[in-house]
Amino acid sequence: MFSRSVFAATVLLAAFSQKAVAVDTTIDPALDEKLTMSPTQLDRQKLLPDNSDWQFDFTKSDFYTFAPGGVVNMNAATFPAAKGNGLTLAMLNLGPCSMLPPHYHPRASNYVVSTKGKTTTYMYEENGGTLITQDLSPGLATIFPQGSMHMMVNNGCEDAQLVSALSSEDAGTQNIGNVFTNGFPADLVNAAFGSSLAGNDTAAKMTPIGTGSNAGTAECLARCNVKPTTKGRYVKF
C-alpha cells in the first residue's frame, strides 16, 4: 500500500507522462439532436424502433483492450438510447501492471465495482482531505465523489476489470497532466510544484494514453515479465 509521499510522487510522474485522454465521439449527431428535441419518451422511442437500438456491446469498441487497458463508455454519445437517462456506464479494463492515471470527472460522481482481478484505487477529494486507498477484488466497490481526483492501478500479473457508473450522461474526464500541458505556462507550473517538471518540450515527451489506460511501474512490468511494444500492446519477455 502506498504512503502519501509515494502516492504524491506517483501522481506527478503519471500526470506528466500523458498526452491526450480518450474522448467519446458522438456516433450520430443528427439522431442525438432529434432525441434532445423530442418532448416525450414515447417520441424518443419512435426514433429508436429496433431491438438493436437498445443493446450496447462493450467488446466491439476499439477501447476494449487489456494491452495495456482501456475505458469503454456507454452514454448519450456512444449509445443514443441512453439520451435523457442521466447515467454513464463504463467498463474499465486493466492489463497486467497498467493503470488509469490521475483524473477527475467534473460533472459526475463515480461508483466503481470490481468484477475481475485485483485493483488498487487512490482518491483525494480536496485540500485538507486524506488519501483514501482501496484494494478491490470481485464484488467489492468504492465511490469517487464528483470532482475528486482518483486513479486505479493493477499491480498484479493478471487482467483486472471494473464496471463504473457515473451520475451524468456527459460526465467528462480531465487527466491532471493535460491541465499542465495544454495551455498552463511551464514556468508557473514549475513554480507551483517547486520543481522543474514542465518545459516547452513536455508534451512532446509524453506517452499517448490512447484507449484510456497506460503502463504502470517499471517494477511491476519486470516482475510480471511484460513490456509495452511500440504499438502499445504487451508481450512476454
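Any read-out appearing in this document is the output of simple, stated calculations on the displayed coordinates, not a laboratory observation. The structure displayed is predicted, hence computed values, not measured ones. All Cβ positions, even for glycine, are placed from backbone atoms using ideal geometry, and neighbour counts span all protein chains on display.
Working from Cα pairs under 8 Å separated by at least six residues, relative contact order for the stretch 40-148 is 20 percent. Sorted ascending by nearby beta carbons within 10 Å, beginning with the fewest, 56, 193, 144 become 193, 56, 144.
Counted by Cβ distance under 14 Å from residue 112, the other residues give a net charge of +1, where Lys and Arg count +1 and Asp and Glu count -1. Among 83/118; 34/116; 60/83; 116/227, which pairs are too far apart, with a Cα-Cα distance over 29 Å? Listed pairs above 29 Å: 83/118; 34/116. Potential lengthening of the chain between residue 64 and residue 109 amounts to 13.9 nm, from the contour at 0.36 nm per residue minus the alpha-carbon distance. Here r is the Cβ-Cβ distance between residue 133 and residue 31 and R0 is 30 Å; the resulting FRET efficiency, rounded to 0.05, is 0.10.
Among the aspartates and glutamates, which have Cα under 19 Å from the Cα of residue 46 when same-chain residues fewer than 8 positions away are ignored? Answer for residue 46, where 19 Å is the Cα cut-off: 28, 32, 33, listed by chain and number.
Largest first, the extents of the alpha carbon coordinates of the stretch 62-175 on the three principal axes equal 38, 38, 25 Å.
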